[in-house]
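Asker: Take a look at this one; I'll ask things after.
The values are calculated or read from the model by the stated rules, or taken from the named source; none is laboratory data. Predicted model only: the values in this text are computed from it and were never measured. Because the Cβ atoms are built from the backbone with ideal geometry, glycine has one as well, and the counts that use them run over all protein chains shown.
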Amino acid sequence: MIIKVTYFVHGTTTDNEQKISSGWSDVNLSDLGIQQSIDLKDQVKNKKFDVVFCSDLKRAMTSAQLTFEGTAAIIPDPRLRECNYGRFNGQPSSIVEPMQEKHIRERFPEGESYEDVKNRIADFLEFLKKNYQGKSIAIVAHKAPQLALDILLKNKTWEQAFAQDWRKTKSWQPGWDYQL
């Protein structure tokens with residue numbers, strides 16, 4: 001049976017507004033991010049989910065609560081966290097973003113690689129296959145897990161996923177659909 005997954009990114013954070021790459025830094029949504037999450041609730045009101053999973057970082061948990069509270073169970077899962085940039089968590093995006101493709105397989109100092117993120121997401125997808133056959137799942141998380149889904153479920157390479165990322169192409173939408 002097919003598992004339908006709709007992926008949502010968390011709302012804008014205070015770090016996003018300051019052009020900071022948070023990584024595993026646990027930052028808050030900005031006022032804009034709070035409003036985006038509230039607005040998303042109306043944009044997806046006709047979609048029904050059996051469960052909502054989110055990263056356990058507060059920016060994703062707050063977005064999930066503002067958008068989905070009262071419509072489905074919300075379950076935080078650390079496998080859905082952003083890439084751990086190690087010593088570069090909370091550093092300017094002008095420094096971190098040019099390093100990302102170098103760290104597809106090589107770990108950030110004291111952090112992880114994008115392949116590590118892909119392995120976390122693959123483990124999460126196996127969990128879904130074992131427990132949520134035929135269900136409709138929402139995920140609220142970050143950039144790296146979304147790119148990992150593109151690699152695992154849409155057969156993209158990391159280079160393609162980075163190049164086609166909606167953040168680069170300025171093509172945000174209220175959810176991206178995947179199937180398991």
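Asker: Tell me, which residue of the stretch 109-142 that is in contact with a helix residue (DSSP H, G or I) (Cβ under 6 Å, 6 or more places away or on another chain) and closer than 18 Å to Val27 by Cβ is surrounded by the fewest Cβ atoms within 10 Å (Cβ to Cβ)?
Answerer: If we take residues in the stretch 109-142 being in contact with a helix residue (DSSP H, G or I) (Cβ under 6 Å, 6 or more places away or on another chain) and closer than 18 Å to Val27 by Cβ, then Gly111 is surrounded by the fewest Cβ atoms within 10 Å (Cβ to Cβ).
Asker: Tell me, which helices (runs of 4 or more DSSP H) wholly within the stretch 7-77 include 2 or more residues that are under 18 Å from the mean Cα position of the chain (by Cα) and on the phi > 0 side of the Ramachandran plot?
Answerer: none
Asker: Could we say that Leu153 is farther than 23 Å from Leu57 by Cα, under 17 Å from the mean Cα position of the chain (by Cα) and part of a helix (DSSP H, G or I) here?
Answerer: So Leu153 passes the test.
Asker: Still on this structure, please answer the following. Kindly indicate whether Leu32 is modelled with pLDDT of 95 or more and closer than 26 Å to Ala122 by Cβ.
Answerer: no
Asker: If you don't mind, there's one more thing I want to ask. Identify, please: which residue in the stretch 89-107 is at pLDDT 95 or above and crowded, with 16+ Cβ neighbours inside 10 Å and is, among those, nearest to Lys168 (Cα to Cα)?
Answerer: Applying the filter and picking the extreme gives Val96.
Asker: What do you reckon, is Lys118 at pLDDT 95 or above, under 23 Å from Val52 (Cβ atoms), among the basic types (Lys, Arg) and more than 13 Å from the chain's Cα centre (by Cα)?
Answerer: In short, no.
Asker: Right, another one. Of all residues in the stretch 145-180, how many are under 17 Å from Glu112 (Cβ atoms) and either of a type in the set (Ser, Thr, Tyr) or in contact with a Lys or Arg (Cβ under 7 Å, 6 or more places away or on another chain) (or both)?
Answerer: Final tally of qualifying residues: 3.
Asker: Has the stretch 92-114 got at least one residue that is within 14 Å of the chain's Cα centre (by Cα) and touching a residue at least 60 places away in the same chain (Cβ under 8 Å)?
Answerer: No, there is no match, as no residue in the stretch 92-114 is within 14 Å of the chain's Cα centre (by Cα) and touching a residue at least 60 places away in the same chain (Cβ under 8 Å).
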